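Accompanying notes for the structure given below.
The values are calculated or read from the model by the stated rules, or taken from the named source; none is laboratory data. Quick caveat: nothing in here was measured; it's all calculated off a predicted structure. Virtual Cβ from ideal backbone geometry, glycine too; neighbours counted across all protein chains shown. SASA here: full protein model, heavy atoms, side chains in, ligands and nucleic acids out. Shrake-Rupley method; radii C 1.70, N 1.55, O 1.52, S 1.80 Å.
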Amino acid sequence: MCVIGRAFRFIAGVVFAVSVLAAVGTSAANAQQPQTSAASAFLANPGQLLQQNPNGGALLTTAVQQLALADPSTFKVLLGLLANANDQQKGAIGEGLTKAAKVEVLTNQTLAEDWQQQIAAITDPTFKTASTNALGDVKLGAI
């Protein structure tokens, strides 16, 4: 009887784990769709991101990070915004891109290294300070 009870609990646990993983996979797929459309909208009109966030700040930082992670092709376009950005926006872009690189290193080290090199190549002092501060104690290869 004890062996049958253990087997039943094991099978019930496996069924539960499979159902949780299926739900998480469905949620992740659904969550990816809005991020992809946000990246497409951004790529269609990159300057709008600066217009919507004239004071930089946490919202711009988060938007930059999410865009870079949702679609890696946005990374260079985000860097291109620096030419028209004010200091607050440059800081937010630097922080957001660095945070994205810190996340990306967990899943795609080659891409993260490329991003880190591009971040390190930026000489703007406001951008550089923000990206360095966003690193914290994390040691990344290129920065």
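Which pairs turn up if I take residues in segment 117-143 that are at positive phi and look for partners that are at pLDDT 60 or above and of a type outside the set (S, T, N, Q) with beta carbon separation below 9 Å, at least 6 apart in sequence or on another chain?
Gly136/Lys102
Scanning segment 116-125 for residues that are of a type in the set (S, T, N, Q) and under 23 Å from Leu59 (Cα atoms), which turns out least open to solvent (accessible area, probe 1.4 Å)?
Gln116
Results for (1) modelled with pLDDT of 95 or more; (2) surrounded by fewer than 17 Cβ atoms within 10 Å (Cβ to Cβ); (3) among the small types (Gly, Ala, Ser), shown as yes or no for each residue.
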site: Asn53; (1), (2), (3): yes, no, no
site: Ala100; (1), (2), (3): yes, no, yes
site: Phe127; (1), (2), (3): yes, no, no
site: Ile143; (1), (2), (3): no, no, no
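Every residue in segment 105-115 that is surrounded by fewer than 23 Cβ atoms within 10 Å (Cβ to Cβ) and part of a helix (DSSP H, G or I), please.
Gln109, Thr110, Leu111, Ala112, Glu113, Asp114, listed by residue number.
What do you reckon, is Leu43 more than 14 Å from the chain's Cα centre (by Cα), closer than 18 Å to Asn133 by Cβ and not in a loop (DSSP other than H, G, I, E, B)?
no
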